[in-house]
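Taking it in order: structure first as structure tokens, then the write-up.
The values are calculated or read from the model by the stated rules, or taken from the named source; none is laboratory data. Everything numeric here is computed off the predicted structure, so don't read it as measured data. Using ideal geometry, Cβ is built from the backbone for each residue, glycine included, and neighbour counts are taken over all protein chains shown. When the accessible area is computed, the model is the full protein with side chains, heavy atoms only, and any ligands, DNA or RNA have been set aside. Shrake-Rupley method; radii C 1.70, N 1.55, O 1.52, S 1.80 Å.
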Amino acid sequence: MRILLTPMSNLTTSYGAMTRCISIALKAKQRGHTPIIAAGKDDVNQEQMQQFGIEIIEAPVPIPFGLPRFLGKVLAWIISRVEIPSDNPDNAMVKTFEQALFITGATRKSFFKKDALFLAEVIKNKQIDMLYSEFRLSGIVAAKLAGIPSITSYGKPESSEMGKDVQYAKDVNTVLKELAMPAVASSLDIFHWADYKVVPSSKDFEQFEDENGVVYTGPLIYGKHTNPKGEKKYIIVYLGLAVFPSKKIVKTCIEAFKDLPYKVIIGARELKECDIGNVCVRKYVVFEDYFPESLVFINHGGQNSCMTGILNAVAQINFPGFIYERRYNAKGAENAGAGIFCEKDAFNPQKLRELVKRIEKDPSYAENAMTVKQKMLKLGGSDTVVNLMEGLVE
């Protein structure tokens, strides 16, 4: 079976979509199939892919707001260094995934049609049997055009059940009409065109009103997961983009943890690597090397980050900011008793130190994470996704 994996590419240092594609690709390769990943030349995750010996096809990349490529790169650079002002989650700029896709350029006509036709051509030329879409709606459309089955990633925050903005379906419907395909009320309805919608968590975290075609797989993470050790030596920090400027993260951690008996590992690709006291800044961190001896994982509430914390049974402190999807994930971790949900104003040295001290005194956070981990592992992860693919192509 030849599988085309289509991650939702971007110009920023976001690893979630590519991580899940690599997880499935490696499992498919292990089982004798041929995975191919279509990702953009400008996608920073290309560096991450090349080490795995998986064929990469250069594909279009959406540009935020439909800007010229140069300006899109400048905007991505600014996002990593400037704190986006907002005084209330209700005033957040982006409230639905449909809106987010339009802002990133993924559902603007200029990209959507180009990408759908490009991927359809790849399917034809590479004799693809199955397409996996990682939140890439144009990939699902390409599979329909080519007449092959498809599977898509899916999540409650990304579904129309969490909200939709039908005004942002206008460009998508223009393209669908030009391709002689049926119109949609919401661009998010395209998720339902896939044969299966795989959810990389569990019913403990996400439940749907319409579960037709929904399959819970647990985390789709290719890295090894670890088990805790008794001694705790590390505090791991990864706060992604659009919550705090990276330099503020470093400065706050230095002040908060300067005299604590932990080494603080901060992952921030956009910063220069440095060691300041017990704080280490690294462009890329293999967190699994540190998780067994980590007291806490401070993260931004991204789906992959929350699931990584769970898979490694590490307590979490989450700062999702005003991004609706991250808030949903962070609340899920807190509801599971595996983490602490924090608003932005709690990211100051005194409060951050207090939160770490709370984790230090209460082992239940890590214990609850271990309980959830054991339940999620039973869902099969990438094995389950490849099983579904094999069933569709038989």
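Only a single item in (1) within 21 Å of residue 153 (Cβ to Cβ); (2) among the charged types (D, E, K, R); (3) under 19 Å from the mean Cα position of the chain (by Cα) is not met by residue 334, and it is number (1).
Annotation: residue 187 fulfils all but one of (1) free of Cβ contacts under 8 Å to residues at least 40 places away in the same chain; (2) closer than 22 Å to residue 20 by Cβ; (3) not basic (Lys, Arg); the unmet one is (1).
Flag: residue 288 matches the condition of being in contact (Cβ under 8 Å) with a residue 60 or more places away in the chain, in contact with a Ser or Thr (Cβ under 8 Å, 6 or more places away or on another chain) and open to solvent by 20 Å² or more (accessible area, probe 1.4 Å).
Does residue 312 fit the bill of being of a type outside the set (Val, Ile, Thr), touching a residue at least 12 places away in the same chain (Cβ under 8 Å), open to solvent by less than 50 Å² (accessible area, probe 1.4 Å) and under 19 Å from residue 94 (Cβ atoms)? Taking the combined requirement at face value, the residue does not satisfy it. Could we say that residue 336 is touching a strand residue (DSSP E or B) at 6+ places or on another chain (Cβ under 9 Å), within 21 Å of residue 218 (Cα to Cα) and either open to solvent by 10 Å² or more (accessible area, probe 1.4 Å) or at pLDDT 95 or above (or both) here? No: the conditions fail for residue 336. Has region 151-165 got at least one residue that is assigned to a helix (DSSP H, G or I), in contact with a Lys or Arg (Cβ under 7 Å, 6 or more places away or on another chain) and either within 15 Å of residue 97 (Cα to Cα) or among the small types (Gly, Ala, Ser) (or both)? Yes, region 151-165 contains a residue that is assigned to a helix (DSSP H, G or I), in contact with a Lys or Arg (Cβ under 7 Å, 6 or more places away or on another chain) and either within 15 Å of residue 97 (Cα to Cα) or among the small types (Gly, Ala, Ser) (or both). The set of residues in region 120-167 being of a type in the set (D, E, K, R), under 22 Å from residue 108 (Cβ atoms) and either open to solvent by less than 20 Å² (accessible area, probe 1.4 Å) or without any contact (Cβ under 8 Å) to a residue 40 or more places away in the chain (or both) consists of 121, 134, 136, 158. Answer with yes or no whether residue 276 is under 24 Å from the mean Cα position of the chain (by Cα), aliphatic (A, V, I, L, M) and farther than 28 Å from residue 134 by Cα. Answer is no for this residue. Filtering region 189-221 to residues that are out of contact with any Phe, Trp or Tyr (no Cβ under 9 Å at 6 or more places or on another chain) and within 19 Å of residue 98 (Cβ to Cβ) leaves 189, 190, 192, 193, 209, 210.
Exactly one residue among 170, 177, 233 is open to solvent by 50 Å² or more (accessible area, probe 1.4 Å), over 20 Å from residue 349 (Cβ atoms) and touching a residue at least 40 places away in the same chain (Cβ under 8 Å), and that residue is 233. Of the residues making up region 287-302, those that are assigned to a helix (DSSP H, G or I) and in contact with a Lys or Arg (Cβ under 8 Å, 6 or more places away or on another chain) are 288, 292, 293. The set of residues in region 246-261 that are of a type in the set (Lys, Arg) and in a loop (DSSP other than H, G, I, E, B) contains only 258. If you go through region 267-284 one residue at a time, how many are open to solvent by 50 Å² or more (accessible area, probe 1.4 Å) and aliphatic (A, V, I, L, M)? Residues in region 267-284 being open to solvent by 50 Å² or more (accessible area, probe 1.4 Å) and aliphatic (A, V, I, L, M): 1 in total. Is one or more of the residues making up region 39-55 within 20 Å of residue 141 (Cβ to Cβ), surrounded by 23 or more Cβ atoms within 10 Å (Cβ to Cβ), in contact with a Pro (Cβ under 8 Å, 6 or more places away or on another chain) and at pLDDT 65 or above? Scanning region 39-55, I find at least one residue that is within 20 Å of residue 141 (Cβ to Cβ), surrounded by 23 or more Cβ atoms within 10 Å (Cβ to Cβ), in contact with a Pro (Cβ under 8 Å, 6 or more places away or on another chain) and at pLDDT 65 or above, so the answer is yes.
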